[in-house]
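Please read the structure below before turning to the comments.
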């Protein structure tokens, strides 16, 4: 951990969230990923830095502290923290940080739009829709032969309540993965994009990417009729948010 007036690149993540998104839930990339033991201390150090130096102090520090990849990851995680709300303050925060870190305007807008899609839970209104989508998610998590703890946590968050998760597991046992994908084909395009984005998160949270999971993800993308440019944009945004390897 650095001194009170110093800030390490990974610690800047905590500082940015404390300054521009105080009180928000951390995005899944920061609260669920396996193998990130140093992350809690780094986030706490960044928050302490803001308490000691003020959020405005980041204006002078961040541009010279972060390289291009780190800047993109920090920006994506702020966007992830703010994705669930559609507020003027959130948009202003992202605009300010994007300008500070010299994020390309178009790339920034595309990333924010993709992460907002990921968080658009209001798109699914019927319990049957939640059960069907959760069952597809469970099918993907089990594609590599195991469902690890981080995947289970994301499934619980996605389902929203234990009853939905229980029904989804029963539906998967009854229908099988192929039949389940067909079951959700009738969703609207925005609903399918929401499901696709959440399937991608499931691929990242266990810290590895298997060929079996990739094959099923590709099949889902095709059967859900998600446009290739839409899927590519979602994958780029979610990968950028999860790509903590840029901090070394």
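Per-residue packing, averaged as other Cβ atoms within 10 Å, sorts the ranges 100-112, 189-201 into the order 189-201, 100-112, beginning with the highest.
When you restrict to C-alpha pairs under 8 Å that are six or more residues apart and normalise by the size of region 58-164, the relative contact order lands at 25 percent.
In angstrom, the C-alpha Rg and Dmax of region 89-248 are 16.1, 52. Considering all different alpha carbon pairs of region 151-237, the Kirkwood hydrodynamic radius works out to 13.7 Å.
Calculated mean residue ellipticity, 222 nm, the chain: -21500 deg cm²/dmol, from DSSP H runs (n ≥ 4) at -39500 (n - 2.57) each, averaged per residue and rounded to 500. Here the relative contact order of the chain, from alpha carbon pairs under 8 Å that lie six or more residues apart, stands at 25 percent.
Highest mean packing comes first when the peptides 115-121, 159-165 are listed by Cβ atoms within 10 Å, giving 115-121, 159-165.
When averaged across all projection directions, what area in nm² does the alpha-carbon convex hull of region 1-125 cover? Over every viewing direction, the Cα hull of region 1-125 projects on average to 7.9 nm².
No value in this document is a laboratory result; all are computed from the given coordinates. Worth saying up front: this structure is predicted, and the values here are computed from it rather than measured. As a convention, Cβ positions derive from the backbone with ideal geometry for all residues, glycine included, and neighbour counts pool all protein chains shown.
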